[in-house]
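Data block below; observations after.
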There are 2 protein chains.
Amino acid sequence: MATVAVVGAGAVGCYYGARLAQAGHDVRFLLRRDYEAVAARGLRVESHHGDFTLERPAIARDAAALGRADWVLCGLKATSLAAAAALIRPCLGPGTRVLAIMNGLGIEEALAEAVGAERVFGGLAFTCLNRGEPGTVRHLEYGQVAIGHLGDDPAELERALALWEGARVEVSAAPSLLRARWEKLCWNVPFNGLTVAAGGVDTEAVVTDAALRAEAGALMREVAAAGNADLAARGRRERIDGEAVAARMFALTDAMGPYRPSTLIDFLEGRAIEVGAIFAEPVRRARALGVAVPRLEQLTALLARLDPGRA
Amino acid sequence: MATVAVVGAGAVGCYYGARLAQAGHDVRFLLRRDYEAVAARGLRVESHHGDFTLERPAIARDAAALGRADWVLCGLKATSLAAAAALIRPCLGPGTRVLAIMNGLGIEEALAEAVGAERVFGGLAFTCLNRGEPGTVRHLEYGQVAIGHLGDDPAELERALALWEGARVEVSAAPSLLRARWEKLCWNVPFNGLTVAAGGVDTEAVVTDAALRAEAGALMREVAAAGNADLAARGRRERIDGEAVAARMFALTDAMGPYRPSTLIDFLEGRAIEVGAIFAEPVRRARALGVAVPRLEQLTALLARLDPGRA
């Protein structure tokens, strides 16, 4: 059994941390908003796979109190990425590894500057999770996580997958973390973006509006093209099959119902939205590579202005 | 002196009608919201060229009471285009001509179905006008009107220009109405569109935000390309100089200050916005002509969803 420190314990951190605790790992949660509620009543997961509660999870208000861990599960918003190193550092021992279950591009590279590239993994979660009342996470749909290693080292990847043995999470290996990141963006860009830019609507409103659905598909193709240019520029041979990814993303989203992505909830509740990692960084790479991404550019410009957290 | 019936007496109809009355024409205004206020206190124009009031303008609540006119000045929103024929018809005599000072594409063609193409003119107003208190129009900046004839008949165009002799309005001849329409869209698409889609901001916010300014320029180039394809497809030899138009539009808008286009005001006040004529019709023509307009497509899809008047 491993010791796991959960940093950035929002819906994603709490849910996946709770699944690891359920599997028997020693999981410690760094909490702010939910500390009192979890201290009083435990951490509750309302899941379409069955509800459960961690009655007395190990929790802390301060990263220093988490102690050294075998794994740090980082579920921060990308808007807090600059704060990640300071939160993770107290948990680091010589063998500690860091798994970032976050959205966007450049996440692992930023963490690697703080902790070293060989320790860093990315988790691409395809899941519908929202925070409920304090101390409660709602797991609405899906839940699978594709895990990659920043160096794409197969032995390291095996270590990461082994952590999840016995946990009720469907994990898979992403042999190319960079490709997996871009493929995940094929969902996040249209759905996190258009739900906000269309005035605050859910995913169902996007997939059932013919013009917005077409726009979502066109954005996916732009992202896939930029991703393939990025892979090529880094000498990688693997590619994204844009049409196959789009078909999969629409099939998953059509079955999702009226889901509100985290970016939409942040927007509606007046918090900073993840413009940089999900939108601006892909635009930056596409421009540097000479790939035309007009739709992504427009969406990014609009979201940067709509961002409640803009400077 | 001519008799002029003003139909669609919002800010545009009231302002230009008042200028014609000031020049001595017999101008009659069809009013709804402002009827009582104008009946009580006259029609007031607060203009950066000097304020003035029409003390006792001829006004009516019903189009039938306007009587036959030499000219119908139509200042309806494009969202009311379907109602235009019924409002204009009571004013029509054998020699009546119709000047539509409206935004968008397909305006004159729609009016022509009701009144005949030879009578129809378009006025492209580049002006900052807002409604003030009931009975008051605020003329903030600019004011020039380019006038074209649906058949591009030079003799007819001379008649339309002659109407404005002595009026304090800078009018010019648009020898190609279609080109003038597309050039006007080079302003309306980015500024009416982005001010709404960026969450309800004024034109100054667009031109001073580097990303939104770049987006506005890119939209202008898409509109110009679509316009040139439309002109070519109709066998016209004249073209839009996209770069020159963009430079002119930015120069005018930079000097405009924090202006709120009518579409933005309609959006903020919960009224239907002119998605069809300004956005959807250009998209439709571009697609039919095989011109890629990805930014215009995305903006149109977002605005259609944001439209308070959407079905």
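The values are calculated or read from the model by the stated rules, or taken from the named source; none is laboratory data. Small disclaimer: the values here were computed from a predicted structure and weren't measured. Here Cβ is always computed from backbone atoms with ideal geometry, including for glycine, and neighbour counts include all displayed protein chains. Keep in mind that these areas ignore ligands, DNA and RNA; they rest on the heavy atoms of the full protein, side chains included. Shrake-Rupley method; radii C 1.70, N 1.55, O 1.52, S 1.80 Å.
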Average the reciprocal distances over every distinct pair of alpha-carbons in the range B:3-174, invert the result, and give the Kirkwood radius in Å.
15.7
Going 7 Å from Cα along the Cα-Cβ axis for the label, what nanometre distances separate B:Asp26 from the same residue across the other copies?
9.8
How high is the relative contact order of chain A, in percent, counting Cα pairs under 8 Å that sit 6 or more residues apart?
15
What does DSSP give for the range A:3-174 in terms of the percent of beta bridges that are antiparallel, rounded to the nearest 5?
35
Using Cα centres only, tell me the gap between the range A:138-182 and the range B:47-112 in whole Å.
65
Simple Cβ-charge dipole of the range A:3-174, Lys/Arg +1 and Asp/Glu -1, about Cα centre, in debye nearest 20
620
If labels are modelled 7 Å from Cα along the Cβ direction, B:Pro154 lies from its partners in the other copies at nm distances, smallest first, of 8.0
Axis carrying A to B; for chain A the Cβ-nearest residue and its rounded Å distance come to A:Pro294, 2
Under 25 °C and 0.890 mPa s, how fast does the range A:178-306 diffuse according to Stokes-Einstein, given a Kirkwood radius computed over C-alpha pairs? Answer in µm²/s, whole number.
168
Which one of B:Ala160, B:Pro282, B:Leu129 has its Cα pushed farthest toward the positive end of the charge dipole of the protein assembly as shown, where Lys and Arg give +1 and Asp and Glu give -1 at the Cβ?
B:Leu129
Considering only the range A:5-60, percent of DSSP beta bridges that pair antiparallel, nearest 5:
40
Could you give the length gained on full extension between B:Arg310 and B:Ala82, defined as 0.36 nm per residue of separation minus the Cα-Cα distance, in nm?
80.5 nm
Looking at the range A:1-103, which trypsin sites (Lys or Arg not before Pro) are in a loop (DSSP not H, G, I, E or B) and have at most 15 other Cβ atoms within 10 Å?
A:Arg32, A:Arg33, A:Arg61, A:Arg68
Mean separation of Cα contacts under 8 Å, 6 or more apart, over the residue count of the range B:178-306: relative contact order %:
36
So what's the Cα pair-distance distribution over the range B:86-170, bin width 10 Å, in %?
15, 43, 34, 8
For A:Leu20, what charge total do you get from the other residues with a beta carbon under 15 Å from its beta carbon, if Lys and Arg give +1 and Asp and Glu give -1?
+1
Neighbouring partner chain Cβ atoms per residue of A:291-300, average, 10 Å criterion
5
Of the convex hull enclosing the alpha-carbon atoms of the range A:138-230, the direction-averaged projected area in nm² is 7.4
Candidate cut points under GluC sites (Glu not before Pro) in the range B:241-292, DSSP loop plus at most 10 other Cβ atoms within 10 Å of their own Cβ, are B:Glu269
If you put +1 on each Lys and Arg Cβ and -1 on each Asp and Glu Cβ, how big is the dipole of the protein assembly as shown around its Cα centre, in Debye rounded to 20?
200
Tell me, what is a quarter of the convex hull surface for the C-alpha atoms of chain A, in nm² with one decimal?
14.7
What nm distances, shortest first, do you get from the label point of B:Gly67 to those in the other copies when the point sits 7 angstrom along Cα to Cβ?
9.5
Give me the net charge for the shell around A:Ala114: Cβ to Cβ below 12 angstrom, other residues only, Lys and Arg +1, Asp and Glu -1.
-1
Dipole moment magnitude, nearest 20 debye, the range B:178-306 about Cα centre, only Lys, Arg, Asp, Glu C-beta charged
580
Please give the per residue accessible area of the range A:178-306, computed with a probe of 1.4 Å over protein heavy atoms only, in Å².
34
Rg/Rh of the protein assembly as shown (Cα atoms, Kirkwood Rh), to two decimals, equals 1.10
Return the sequence-ordered ³J(HN,Hα) values of the range B:296-310 in whole Hz as given by the Karplus equation 6.51 cos²θ - 1.76 cosθ + 1.60 applied to θ = phi - 60°, using x for Gly and Pro.
5, 4, 5, 4, 5, 4, 5, 5, 4, 6, 6, 4, x, x, 5
What are the lysines whose alpha-carbon lies under 16 Å from the alpha-carbon of A:Lys184, with same-chain residues fewer than 8 places away excluded?
A:Lys77
With a cap of 16 neighbouring Cβ atoms within 10 Å, and only residues DSSP puts in a loop, list the trypsin sites (Lys or Arg not before Pro) found in the range A:248-311.
A:Arg271, A:Arg310
